Amino acid sequence: MALPYHVLKVCDGIVFAARGSNIHSFDSNFNPISVWKYPVKQQETNGEKAESETPAPTVEAEESPAPEGPPAKKRKVEDGEVAAVAEESKGESKEDTTEGQTETKTEGQTQEVNRRSRRQKQKQKTEGGWAKNNKAVLEKPFVQGMYLTTDGRHLVAITGSDKTIWVFEHDGAGNLKQLSQRAMPKRPCALALTPDNKTILSADKFGDVFSLPLLFTPSEPTAAAAAATTPASEVATPEPTPSAPATPVILTPPTTDVAKAQSLSVKPQANELTVHTLRNLKALENQKRCLERQKAAKLAAALQASQFEHTLQLGHVSMLTSVAVAVHPSHRGRTYIITADRDEHIRVSRGIPQAHVIEGFLLGHDEFVSRMCIPEARGDVLISGGGDDDLFMWDWVSGKLLGKALVLAEVKKALPSAEDAKMVNKVAVTRIFDVQQGEKTQIFVICERIPLLLIYTLTSANTLQHTQTLSLLGNPLDVECLMAESKLLVSIDPNTSSETQEEESDNGGVSSILALSFDDTESSWKVTIGGLKVTEAAEKESSSLSPQDLQKLLYTTESLRKTNKDDE
């Protein structure tokens, strides 16, 4: 499987393209400049180390025959005959053990192996064994988004499973220098930068929007944090020193996540009084140590999140999908935070520090809202799309719906056959992008798993007019504009490419990033030569993901649709 360049960002003729967990940079002619690689080796080393230190979860073993032989025979005796019967049974057990010792050991070992095999299979079925076996596949920290400051000096990226926000310094020539990495308490879904390029707004899957400074200097963990993350069994108790004067300790209230981690219990359900064999006693001790290490790991993650400044600004009751910072032309001195969620809501709030004040809602969507776009030349208009059949255009300050533009109908018209049109009964918008071409404002729309690029024109009468539908070689993933070359860049999934093998060999590989140019004579966009290809060497370097796993990572927008909406 070939990994596509699934996220694009352009800065002054430099193209940044995220491919899996890495960020590549190219010039305007797609000549490679540099590659930032996710520190996977360090992560794997730490994971292997933690795995080797943490013992496997133990299950209380069943009672097995003692090594001395079978248990003593039970007889009904008088009080005075107890000692004599015990000695007699002990002697009989020694004789029986001598004759059948080999047979007992062999049968016991076979039964133990069978028991372990059955337990392992049952554990995989009942406790998510498939997910644990495919943990490396499902937790790939793919780059989910890239954002540039207005001056182009910094690039901000978010990765998925590790919930991390990365900040890079751009030298202007395509080289990135990592400045910081911050693991958020909850997984970020979208980011936005304030106009002053000083603050990052992070919208997460739990419906909260946090603000954090763009530039951040990591601080070393304090002694209290280091002591909190050390298991209790490994902490040495110092001897008391009566002569030393007592120093007052100022306790700061812990955060919610830290308090939850500190309140975790490290006591297993069993104890020394409920186990009756030496083997189960050792298993109980291992279980205690395992629980202590798990608590220490969760506490360390919570403390790491509390070591950098992040302030809660606002919250929804549903998963957030998009966030934007806008300035209305009629209110130049005031900023607004616009957020969209899975529950068909778009909220307009005031900017920091009054983000808790809600200015209004944009209500009208029947399905989830996945993308929003405020054209650069038309700051008073907001275009939204998601799981509905249309695009919505708003006057976002007054909350008035200006109009709609067909999406599903245009997709069905452009499909090659009537059978394909019947199969497509819903769309999921994954990207809305605006380009200013002279006096015209053009809007480009991408839908998930649809090999088309829909092009609209925003008129002066506040209407969206469909102008063109461009067929692509594969499913589009992202779109950006290369202003220096007057080109439009569209990244596609090479695994869905319609190119033949002969065309691939003639072109030098499968197309991954297409370059589009505007034809003035025909007033339309066309695919030109000069895009980026995925060669065989690049495919060999790709991650060994199955097609199903790769699609789960690339195509996630349709999963926002509620399947039981009719029942609610």
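The values are calculated or read from the model by the stated rules, or taken from the named source; none is laboratory data. Not measured: the values here are computed from a predicted model. Backbone-built Cβ (ideal geometry, glycine too); neighbour counts: all protein chains shown. The area values use the complete protein model at the heavy-atom level, side chains included, leaving out ligands, DNA and RNA. Shrake-Rupley method; radii C 1.70, N 1.55, O 1.52, S 1.80 Å.
List of remarks:
- Once the 1.4 Å probe is applied to the protein heavy atoms, the stretch 346-424 comes out at 46 Å² accessible per residue.
- Calculated FRET efficiency for the pair Leu215/Ala173, C-beta based, R₀ 25 Å, to 0.05: 0.75
- Between Arg279 and Asp520, full extension at 0.36 nm per residue minus the direct alpha carbon distance yields a gain of 78.6 nm.
- Chymotrypsin sites (Phe, Trp or Tyr not before Pro) lying in DSSP loop within the stretch 362-451, provided at most 11 other Cβ fall within 10 Å: none
- Three-way shape call for the stretch 388-507 based on the alpha-carbon gyration tensor, with the a/c threshold at 1.5: oblate
- The shape of the stretch 304-367 comes out oblate: with a ≥ b ≥ c from the C-alpha gyration tensor, a/c is at least 1.5 while a/b does not beat b/c.
- Accessible-area ranking of Asp549, Asp171, Asp420, Asp520, largest first, probe 1.4 Å: Asp520, Asp171, Asp420, Asp549
- Label-point gap, in nm, between Arg116 and Val35 - each point 7 angstrom along Cα→Cβ: 4.1
- ³J(HN,Hα), Karplus 6.51/-1.76/1.60, whole Hz, each residue of the stretch 307-320, x for Gly, Pro: 7, 10, 6, 8, 10, 6, 9, 7, x, 10, 9, 9, 5, 7
- Computed over all pairs of different Cα atoms, the Kirkwood value for the hydrodynamic radius of the stretch 138-196 is 12.0 Å.
- Accessible surface of Lys400 - all protein chains present, 1.4 Å probe, nearest 10 Å²: 130
- Approximating the spin labels as points 7 Å out from Cα along Cα→Cβ, the Asn564-to-His331 distance works out to 3.9 nm.
- Long-range HN-HN contacts of Lys487 with modeled amide H, under 5 Å: Leu482
- Three-way shape label, the stretch 349-430, alpha-carbon gyration tensor, a/c 1.5: prolate
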